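Only the coordinates and a few stated rules stand behind these numbers; no lab work does. Note that the coordinates shown come from a computational prediction; the quantities given were computed from them, not determined experimentally. So basically every Cβ, Gly included, is an ideal-geometry build from the backbone, and we count neighbours across all protein chains shown.
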Amino acid sequence: MNKRIIIAGGGTGGHIFPAVAIAGAVQRMDPGVELLFVGAKGRMEMEKIPQAGYRIEGIDIAGFNRSSLIKNAGLPFKLIRSFFQVNRILRSFRPDAVIGVGGYSSFPVLRAAQAKGIPSFIHESNSFAGKSNILLGKKADRIFVASDGMEKFFPANRIMITGNPVRSTIVNSRIPREEAIRSFGLDPAKATVLSTGGSLGAKGINEAIAAHLDDWRQADIQLIWQTGKPFAAGASAVSQGRSGLWTGDFIAKMETAFAAGDVVISRSGAMSIAELCVVKKPVVFVPFPFAAEDHQTANARNLVDKGAALMVKDSEAMEKLVGTAIALVKDEPLRLQLTNNIGRLAVTDAADRIAKEVLTRIDG
């Protein structure tokens, strides 16, 4: 019989992209494996996973709402219901292994699988593990992590450092800098900064850039400013009549944007970091301060401590961010140091490492 594997989790691109990459690697190594994704109803995985060509089943689960305690009133009932739904899925699909990639749906699926003695695997993308993964890690067969020092969260003998899977379009990109910059209508002869905060944007980053647009012009630095939808209209308004500036709410081909940027300003989610390591770009991180367990700050600090990035706190972005980025553009030795050090952290075969370990273990 063909082997069967469930991949559980989602909620954000930071969970979905690695999950799809792992699925692809599994099928390349063993085309006969049957895969089933399990996600949270109403979350983006219910759309993105089928678009990637995989089957997914949704369960009724939601995360803890930190901003409104009253919205958590129904959470225990959803959790109980999700366990019934998961048990039905496990009985029907009969998986040989379950892989959790983080997100609301990951916990009940792995918890139920562990209770039934089904081999379970966790992919923890951040350098500060979430509470659910810490709990699940006690019984997981293997915990795949992106960085060292994770023994404080998981049993040391079950940890495997694999890195985070990065989209193949980024890993395999060979776009010349000049071509990339021209695609944004900018001048390849000028230094260019890429600012990106993800599809929803980054309020602290956007407000700092908007308040200091004259500083970029005075420094003769071009800007590719990906704003996210909430800030798009405001950015368009303050950008009117300015040269050396591209602004838009979304960049579909991030490989082109990375190729164009001499310096990058970014949040420090695990997948953003993994991509920036692969493209070897000097970066100023502005961690999202309200991420669970403040894991974005931990992620950024891990690179800063290795001399591989700079960091500006979100609370200090208005005063320090633009000046820090401009100074980095002007400091060629520092840019070279950051480029070399962040490049050493790049992992391009993380999905293959994970897939090989899972398939080896379930083969016995």
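Please give the net charge around ALA232, taking every other residue with its beta carbon less than 13 angstrom from that of ALA232, where Lys and Arg add +1 and Asp and Glu add -1. Walk me through the numbers before you get to the answer.
Working: positive: LYS203, LYS229; negative: ASP249.
Neighbourhood net charge equals +1.
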What is the gain in length, in nm to one decimal, between MET318 and ASP214 on full extension, counting 0.36 nm per residue of separation less the C-alpha to C-alpha distance? 36.0 nm
Under a straight-distance cross-link criterion of Cα-Cα below 12 Å, which aspartates and glutamates are reachable from LYS3, leaving out those fewer than 8 residues away in the same chain? ASP30, GLU34, ASP96, ASP363
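Placing unit charges on C-beta atoms (Lys and Arg positive, Asp and Glu negative, everything else neutral), compute the dipole magnitude of the range 169-343 about its Cα centre in debye, rounded to 20. Don't skip to the end; give the middle numbers.
Working: 18 positive and 19 negative charges, 58 e Å.
Roughly 280 debye, rounded to the nearest 20.
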Given the pairs LYS152/LYS356; LYS281/LYS313; LYS152/LYS229, which are separated by over 27 angstrom at their Cα positions? LYS152/LYS229
Can you return the aspartates and glutamates within cross-link range of LYS306? Criterion is Cα-Cα under 13 Å, with same-chain partners fewer than 8 residues away left out. ASP148
Label 7 Å along Cα→Cβ of THR360; the range 144-168 residues with amide nitrogen under 16 Å? 144-145, 157-163
What number, rounded to the nearest 500 deg cm²/dmol, is the helix-based mean residue ellipticity at 222 nm of the chain, given -39500 (n - 2.57) per DSSP H run of at least four residues and division by all its residues? -13500 deg cm²/dmol
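Excluding PRO50 itself, calculate the net charge of residues whose Cβ lies under 14 Å from the Cβ of PRO50, where each Lys or Arg counts +1 and each Asp or Glu counts -1. Don't skip to the end; give the middle numbers.
Details: positive: LYS41, ARG43, LYS48, ARG55; negative: GLU45, GLU47, GLU57.
That sum, taken over residues with Cβ under 14 Å, equals +1.
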Segment VAL304-GLU151, length gained on full extension (0.36 nm per residue, minus Cα span): 53.1 nm
Virtual spin-label span in nm between GLU293 and PHE84, 7 Å along Cα→Cβ: 3.2
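Report the extension gain between SER243 and ASP30 in nm, rounded to one decimal, defined as 0.36 nm multiplied by the number of residues separating them, less their alpha carbon distance. Don't skip to the end; give the middle numbers.
Numbers: separation 213, 0.36 × 213 = 76.68 nm, distance 5.19 nm.
Here the segment from SER243 to ASP30 would lengthen by 71.5 nm.
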Could you please report the charge total around GLN337, scoring K, R as +1 and D, E as -1 over all other residues with beta-carbon less than 15 angstrom from its beta-carbon? +2
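State to the nearest 20 debye the size of the charge dipole of the chain about its Cα centre, where the only charges are +1 on K and R beta carbons and -1 on D and E beta carbons. Write out the running numbers ahead of the final one.
Details: 45 positive and 34 negative charges, 257 e Å.
Its charge dipole is roughly 1240 debye.
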Farthest toward the dipole's positive end in the chain, which of VAL304, GLY42, PRO95, given Cβ charges of +1 (Lys, Arg) and -1 (Asp, Glu) about the Cα centre? PRO95
